[in-house]
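Right, one structure below, let's go through it.
The values are calculated or read from the model by the stated rules, or taken from the named source; none is laboratory data. In this text the structure is predicted, and so the values were computed from the model without any measurement. Here the Cβ is made from the backbone with ideal geometry for all residues, glycine too, and neighbour counts use every protein chain on show. When the accessible area is computed, the model is the full protein with side chains, heavy atoms only, and any ligands, DNA or RNA have been set aside. Shrake-Rupley method; radii C 1.70, N 1.55, O 1.52, S 1.80 Å.
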Amino acid sequence: MPERGRLLRTLVGLGVALAAGGALLFGAPARSGEPQPLALAATWPQAERGSVPSKLPDGSEYSPGLFLDAKTSAGTAQSQDGHTLRLVLRQADGTLRELRKVPSADRAPFAALTGSADALVWVESIDGKQQLWTGGLRHPARMLTADVGAMQFYDSQYDLVIADGTVHWVASGPGDQTEFRSVALAGGRVTITREAGTWALSAWPWAVDGQTSARGATTLRNLATGRRIAVPSADRTVTACSPAWCQMVSLNTDGYARMELSHPDGSARRKVAEGTVATAITDVAVLDRFEVLARIGPQSELSGNQELLIHDLKTRQTVLISPDAGNIAYRAGVLWWSTGDQSSFIRNSLDLRTI
């Protein structure tokens, strides 16, 4: 289970280097008079939720990497003897389908899972070399390509993107360049284009720069048309963007975290949170509506976890998802987190598409 320091690492992962005062980001109490977050069940009673035990029926540890809905997931299971790693699909009724099985001594866990209507795509590593694989929900797994370059992952749902029958990803190129790589889901030759700077994929066909910059993003680029959009940027502020929203994190006059969002053109700017709060996931305003946040709460000292919150940009309300959440993750419309301790925990899921 993560330590309380995860909040700081989350901001650092976004490039927050806001001077020495940054160490104070998580020491401020919530401002008096701020509204308390709303209860999940009362606010979104129709939202589909689920829970997944940390172990499979055979006792194997299970780590989900992607939820297809609130109760169906794909993830990694290690055999009890530690010799084998499996990629399995865990159905809502608890039944399992094995998609791939490899010796754990030779390969790293399956990474960067993503999916389309009838296929999953993931990355495997062999002796430090990466391969791109796919497995249909009704078809056996097969390798798409080993020509992946120096793949770069940012713990985002867009590390791999499937669009129009093609898989897209980014890799480090020569010098200060990013390679935009793609291959058809049916297989074939990998296509490569290069762009100066450090870029990551966003909602297709967009990419965003500034992945290694202390100030974060400055530009969105449409990979299909070449169109570029300059995004909000300011001193002592770290910016992260999707095509719909940009997130700006800075220090307020008291030296504490202030989080604002606006559209990439700077319009509709508003404060989302302030104080002991940080982003809980890499992706900004998922589904163009929900900003996922974490905050140190009353139980954090004991559990090392945080309060999990969602700010709804549509209603401008903040909802408490869990008072004691760890291992927070999000992919393709589903948010999940763990509750409990290292010896006994479950993973909870919330399908934001059903709100």
_Tally, over segment 291-303, of residues that are surrounded by fewer than 18 Cβ atoms within 10 Å (Cβ to Cβ) and either of a type in the set (A, V, I, L, M, F, W, C) or within 21 Å of ASP155 (Cα to Cα) (or both)_ = 1
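Residues in segment 246-257 that are buried (at least 19 other Cβ atoms within 10 Å of the Cβ) and either assigned to a loop (DSSP other than H, G, I, E, B) or not polar (S, T, N, Q) (or both): how many? Explain how you work it out, then say what you get.
In the first step, residues of segment 246-257 are kept if they are buried (at least 19 other Cβ atoms within 10 Å of the Cβ); the result is 246-249, 256-257.
If we keep only those that are either assigned to a loop (DSSP other than H, G, I, E, B) or not polar (S, T, N, Q) (or both) too, we end up with 246, 248-249, 256-257.
Looking only at that region, the number is 5.
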*Filter pass, GLY59 being open to solvent by 20 Å² or more (accessible area, probe 1.4 Å) and on the phi > 0 side of the Ramachandran plot*: yes
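Being of a type in the set (Asp, Glu) and within 23 Å of ALA112 (Cβ to Cβ) is the filter; apply it to segment 258-290 and report the residue that is surrounded by the most Cβ atoms within 10 Å (Cβ to Cβ).
Residues of segment 258-290 of a type in the set (Asp, Glu): 260, 265, 274, 283, 288.
So of that shortlist, the ones also within 23 Å of ALA112 (Cβ to Cβ) come out as 283, 288.
Working: ASP283: 22, ASP288: 13.
Among them, the one singled out is ASP283.
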*Of the conditions (1) open to solvent by 70 Å² or more (accessible area, probe 1.4 Å); (2) charged (D, E, K, R); (3) farther than 20 Å from THR166 by Cβ, ARG142 fails just one. Which one is it?*
(3)
_Just to be sure before I move on: is TYR330 over 14 Å from the mean Cα position of the chain (by Cα) and among the aromatic types (Phe, Trp, Tyr) in the structure I sent?_
no
*Being closer than 10 Å to PRO109 by Cα and crowded, with 20+ Cβ neighbours inside 10 Å is the filter; apply it to segment 73-96 and report the residue that is nearest to the chain's Cα centre (by Cα).*
GLY75
*Is it fair to say ILE321 is closer than 21 Å to ALA47 by Cβ and of a type in the set (A, V, I, L, M, F, W, C)?*
yes
*Among what's in segment 302-327 and is in a strand (DSSP E or B) and small (Gly, Ala, Ser), pick the residue that is nearest to the chain's Cα centre (by Cα).*
GLY326
_Top-ranked residue of segment 285-300 - restricted to ones that are in contact with an Asp or Glu (Cβ under 8 Å, 6 or more places away or on another chain) and either of a type in the set (Phe, Trp, Tyr) or assigned to a loop (DSSP other than H, G, I, E, B) (or both), ranked as farthest from ALA240 (Cα to Cα)_ = GLN299
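Do the conditions hold for VAL121, that is, is it farther than 15 Å from GLY65 by Cβ and touching a residue at least 40 places away in the same chain (Cβ under 8 Å)?
Numbers: farther than 15 Å from GLY65 by Cβ: no; touching a residue at least 40 places away in the same chain (Cβ under 8 Å): yes.
The answer is no for VAL121.
Quick one: which residue in ARG236, ARG227, ARG189 is touching a strand residue (DSSP E or B) at 6+ places or on another chain (Cβ under 9 Å), open to solvent by 30 Å² or more (accessible area, probe 1.4 Å) and within 27 Å of TRP122 (Cβ to Cβ)? Please lay out each step first, then the result.
On the way: ARG236 fails: within 27 Å of TRP122 (Cβ to Cβ); ARG227 fails: within 27 Å of TRP122 (Cβ to Cβ).
Criteria check complete, one pass: ARG189.
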*Could you list, in sequence order, the residues of segment 187-220 that are out of contact with any Lys or Arg (no Cβ under 8 Å at 6 or more places or on another chain) and charged (D, E, K, R)?*
ARG189, ARG194, ARG215
